[in-house]
Each structure stands twice: as C-alpha cells, then as structure tokens.
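Presented below is the structure to which this report refers.
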Amino acid sequence: MIQIRGLKKRLGTKQVLDGVDLDINKGETVVILGRSGTGKSVLLKNIIGLMQPDAGTIEVDGQDIVGLKEKDLNKVRIRFGLLFQGGALFDSMTVGENVGLPMREHTKMSAAEIEKRVTERLEWVGLKSVEQMKPASLSGGMRKRVGLARAIAMDPAYMLYDEPTTGLDPIMADVINRLIRSLQERIGVTSIVVTHDMNSAYHVGDRLSMLNEGRVVFTGTPDEARNTRDPLVKQFIEGSSDGPIKPL
Amino acid sequence: MPYEYARRRVLGAIAEVGRIAMLIGETFRMLVPGVSAFHLVVEQMNAIGVQSLILVFIVSLFTGAVAAVQAAYQFANTVPLKFIGTVILRSTIIELGPVLTALIVGGRVGASIAAELGTMRVTEQVDALEAMAINPVRYLVVPRVVAAIIMLPVLSMIANAVAIFGGYVVAVSSIGVSTHTYVLGLKQGFYMKDLYSGLIKAFFFGGFISWMGCYYGFRTEGGAEGVGVATTRAVVASCVLVLIGDYVLANVLFRFIFAS
C-alpha cells in the first residue's frame, strides 16, 4: 500500500504540489487525472524518489521513503516498475538488452535465463522477434510496449504509468489500456496511472483521483466520476473550456 | 542593477564549481562498482581512444612537420641544425603532444559525451536508470572518465611518435638534415622526465574532458536546443580547462616535482 500525506513540491516559483493526500491500496489501479502542468508527473517522480518533496510523507508498505539514503531507496525502487511517457528506452542498446538490463544489474540470473525472461515479457506485451531491433526503428506504440516489458521484467509489486496512451492512435491506446488491465489481473500489481485521457482512465481505473492546483480535489470510482456534480471534475471529464478551470 | 547582475553571476559560478566537485566526488565514490562493469569501460575506450586515432594521427603528423619548418626558420644563422631533432622532440613530448591531443579529443569526445548524455537526460533515459535503481554516475560517468584518463596518455604517446616522424620527414626531405643528425638530436634531447610530465598532463586532461562532457550532459534542460547548448559548453569548458590546467601542471611539474 502507498500512503501519501501532505506532499508539497515547489519548482522555481511555482508550487506544483501543495499538500497532496492520497492512498493506493494493494492490488488496485488508481488513475491520477488532471490538466497538463498540474503536477501529475511530478507526483510520480516523488513516489519513486526521482524528486525529493519539500514537505510531506510517502509511505510504501509502511516505510516512509522521503529522505532515504540511495542504498535504501534503491531497495524500494526495485519493487517498482515505471513506464515513461516516451518509453525512455536506451538508444544504444537493442530491445532485448533494454528489457534485460534490470536483471543483469540486480540478479544473478544466467544469460540464458535472462534471454528467456526477456522473450516472455515481450510476449506478454504482444511483441515477438524484436529482441535484436534498435529502439530507433520502433513505432511509438512498440516503444511503449517495450518500455512496459522492461518495467515488468523484475516482477514489480507496484507499477507507475506516466501518460501511457499519450501520442498513440486510438487502437494502440486501447492495446495499452488492455495491457495495463491484464497485468493487474496476471501479476496482481498495484498501479498508479497518470493521464488526462478519460477513455483510458475509465478503462483501467478502479478509482480516479483528480489533481488541481497542487491538491487532490476528487477521489472516487469511475461511476462516481461520471455522475459527479463537482463543477471542477465535471468540466475536466467533459473537456469543456467553460467552467471554474481557466485555460492557461 | 549591474551589482545585482554581477552578484548573481558570481554566485552562479560558485554553485557550478560546487556541482562539478560533487560530480567528481560521486565518481570516486562509484569508482570500484563502476570499473567492475569492465565491458562498459572497454566500450568507452574504443569510442574515446580508437575512434580518435585517425584525427590524432593527421593533426600530429602536420604539427611535427610545421615544428620542423618553424625550427629551421628560427635557427637560421643562429642555431646549428643538428639541434632540430632535440627541439622537435622536447616541444612535442612536453607540450604539443599532450595539449594538442587534448584539444582535439576535447572537441570530438567532449561534444559527443555531452550530446549523448544530454539526449539521455531530455528523453528521461537517465531518470529510467535511477528508477531501475541503477546509479547513473556509476553506469554512465565512471566508464567514460576511466576510459578517458587511460586513453589520453596512450593517444599522447602516439601523437608524440607521429609528430616526431612528421618532423623527421620535413627535416630530411626539405631542410637538408641527415637521418643520422636528426636521430642524434633526438637521443641527446631525450629525458624520461619530459615524457613522464607529458603523460601526467594527458592523464589530467582526460579527466577534464570527460567530466566536463558528463557534467554538461547531465545538466541539459529542454529539447534539442538544450543539447546544443550543453555540447558547446562542454567543449568550451574542456578546452579552457586543458589550457589553464596545462599552465598549472607545468608549474607544479617543472618547478617542484621534476625541478632538478
């Protein structure tokens, strides 16, 4: 379980997170909604320790990870998988080397075992015979799927998805949404999905939370979100420029 | 207003020096685990050293040739030409070999490291390493720094040999010095301490170039424009540090360590 309390983060002059409180229960998928620039990705980076908050706590299975030393933080990070918006694949490596990297770095698995696991994880995300390809020759959807295969290579307990469907055509977006769901069912992973794609949110989320001006302003099930009378949430879900959220 | 601007620039420069010192400190902290992934060091030795060979070869050959032409011109009616080998040898192994090699490699390798790491930074590949519990300094910086401090002295030695050969070709073919005279000049002017001092300089230059490339690469912000800025800064900083470092090291080596 992940429990976030009073999380604050300022970047330059902007208070990006201004007291975020959020609970993510074991085995569930929570979708963080919000406009671009509301701090969704910053929240993810705080959860995995890529950024340090100015105030607040982030407890992962009861352990506060804020201010942990690198060695201890790495023990927590190994339990996480993170899918980056652009895949963040290493250009200098092949697809197989990308997916196998965490295993080469953190396990004593033999080359044959790593190769077998790489093939298996690539098959989980619907890719076959791509191990020798370079990331530059992959389409956007394939890059995301390879990034996903790399993120699940170490059987993470937690998965973080940063805008998993952004930049994809609707069919590929649906493929990614189904993958997120199937992973939850297959390995029981607890997931946080950051997105502003409502189709994706309804598809993958057990609960939806909305960030606005650095705070969580709504948390509820997809049905509760659909039927909400909260003008902020209603405006966002309907994608209207009229309402309390002003265009930037 | 000018005071405020100056204050901000000075504070910014101090902060920059502090961040570079922290990167160097982190490199030493990660040295042993970083070097234990030796295949990464070998890859970088190839990229930094082997792939710079042709460039170093061409520049050194013509540097030696020019040194011979210049020596002959300046010796005219004042210094016997039998010293031409000595002058080319000593100027090459003390100064021209290590410094010119460092400037060439600083341009080529410093730019390439900054561009590669800068692109990795803006496309979140560096974040991906950290998220996978892989220390980016161990994985990216240590192999590059170790490879550079090994390969710069090697490249300098090669540059020395090629420059001396370039000087020989010009001395014999167009200045009228015999092979015997040229080689005698080399033998008379050779001191091990000159060679050592050149190699020590090259060792430090390797550190300057790789650390500047890594530092500005890691500090890249924005997109393609940010990568361009980082690359330029890395090359300028490497070259300036090589020249300032050359002066400091010359003082330390020749006034203290090899003074006698």
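The values are calculated or read from the model by the stated rules, or taken from the named source; none is laboratory data. In this text the structure is predicted, and so the values were computed from the model without any measurement. Ideal geometry is used to build each Cβ from the backbone, glycine not excepted, and the neighbour counts take in all protein chains shown. These accessible areas exclude ligands, DNA and RNA; they are computed on the full protein's heavy atoms, side chains included. Shrake-Rupley method; radii C 1.70, N 1.55, O 1.52, S 1.80 Å.
On alpha carbon coordinates alone, what is the Rg over Rh value for the range B:25-65, Rh being the Kirkwood radius? Write out the running numbers ahead of the final one.
Numbers: Rg = 15.3 Å, Rh = 12.2 Å.
Taking Rh as the inverse mean 1/r over Cα pairs, Rg/Rh reads 1.25.
When Cβ neighbours within 10 Å are restricted to other protein chains, what is their mean count per residue of peptide A:148-156?
Numbers: counts 0, 0, 2, 3, 0, 1, 2, 0, 0.
Per residue, the average neighbour count from other chains is 1.
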Revision key, fill the gap. Sorted by accessible surface (1.4 Å probe, heavy atoms of the protein chains only), largest first, A:Leu7, B:Leu61 come out as B:Leu61, A:Leu7
Point to revise | Residues in the range A:56-95 reached by a label modelled at A:Lys8 [backbone nitrogen below 11 Å; 7 Å Cα→Cβ] | key: A:56
Point to revise | Rounded Å value of the spacing that divides the Cα centres of the range B:183-260 and the range A:2-49 | key: 45 Å
Exercise for review: For chain B, find the longest principal axis of its Cα atoms and tell me its angle to the long axis of helix B:192-218, 0 to 90°, nearest 10.
Suggested key: 30 degrees
Review point. Relative to the first principal axis of the alpha-carbon coordinates of chain B, what is the inclination of helix B:224-252, with its axis defined by its Cα atoms, in degrees from 0 to 90 and to the nearest 10?
Key: 50 degrees
Review point. Tell me, what HN-Hα J-couplings in whole Hz come from the Karplus equation 6.51 cos²θ - 1.76 cosθ + 1.60 at θ = phi - 60° for each residue of the range B:49-60, using x for Gly and Pro?
Key: x, 4, 6, 9, 4, 5, 4, 4, 4, 5, 4, 5
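If you count only protein heavy atoms with a 1.4 Å probe, what accessible area per residue comes out for the range B:119-260, rounded to a whole Å²? Write out the running numbers ahead of the final one.
Values: 5990 Å² over 142 residues.
For the range B:119-260, the solvent-accessible area averages 42 Å² per residue.
Determine the shape class of the range B:77-211: with a ≥ b ≥ c the square roots of the Cα gyration tensor eigenvalues, call it rounded for a/c under 1.5, and otherwise prolate if a/b is greater than b/c, oblate otherwise. Display every interim value, and only then the final one.
Numbers: a/c = 4.69, a/b = 3.14, b/c = 1.49.
Here the range B:77-211 falls in the prolate category.
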Check your understanding: Based on Cα positions only, what radius of gyration and what Dmax would you give for the range B:47-113, in angstroms?
Key -> 14.5, 49
Exercise for review: Give me the lysines in straight-line cross-link reach of A:Lys8: C-alpha distance below 29 Å, same-chain residues under 8 apart excluded.
Suggested key: A:Lys26, A:Lys40, A:Lys45, A:Lys69, A:Lys71, A:Lys75, A:Lys234, A:Lys246
Check your understanding: Where does the Debye-calculated log10 I(q)/I(0) of the range B:112-163 sit at q = 0.14, 0.26, 0.30 Å⁻¹, using only Cα point scatterers of equal weight, no solvent?
Key -> -0.49, -0.96, -1.09
Practice item. Take the alpha-carbon centre of the range A:133-147, take the same for the range B:52-73, and report the distance between them in whole Å. Key: 47 Å
**Study point:** Residue among B:Val142, B:Val105, B:Val69 with the largest mean-square fluctuation in a Gaussian network model of chain B, springs linking Cα atoms under 10 Å
**Key:** B:Val69
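At 37 °C and 0.692 mPa s, grab the translational diffusion coefficient of the range B:2-257 from Stokes-Einstein with a Kirkwood Rh over Cα pairs, rounded to a whole number in µm² per second. It would help to have the intermediate numbers written out before the result.
Numbers: Rh = 19.7 Å.
Translational D for this selection: 167 µm²/s.
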Study note, to complete from the structure: For B:Lys201, counting only lysines whose alpha-carbon sits under 17 Å away and dropping same-chain residues fewer than eight positions off, the answer is B:Lys193
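Would you mind getting the Kirkwood hydrodynamic radius of the protein assembly as shown from its Cα pairs, rounded to one decimal in Å? List each step's numbers first, then the result.
On the way: mean 1/r = 0.0382 Å⁻¹.
Taking the inverse mean of 1/r over all distinct Cα pairs, the protein assembly as shown comes out at 26.2 Å.
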Check your understanding: Considering amide H positions built from the backbone, and no H for Pro or chain starts, which residues 5 or more places from A:Leu82, or on another chain, come under 5 Å of its amide H?
Key -> A:Leu160
Practice item. Please give the solvent-accessible surface of A:Asp174 in Å², to the nearest 10, using a probe radius of 1.4 Å with every protein chain present. Key: 50 Å²
Check your understanding: For A:Leu208, which sequence-distant residues (separation of 5 or more, or a different chain) have an amide H within less than 5 Å of its own amide H, given hydrogens modelled in the peptide plane?
Key -> A:Val31, A:Gly220, A:Thr221
Study note, to complete from the structure: log10 I(q)/I(0) for the range A:2-238, Debye formula on C-alpha points only (no solvent), q = 0.08, 0.17 Å⁻¹, two decimals, reads -0.30, -1.29
Point to revise | GNM flexibility winner over chain B from B:Met45, B:Met132, B:Met120 (Cα, springs under 10 Å) | key: B:Met132
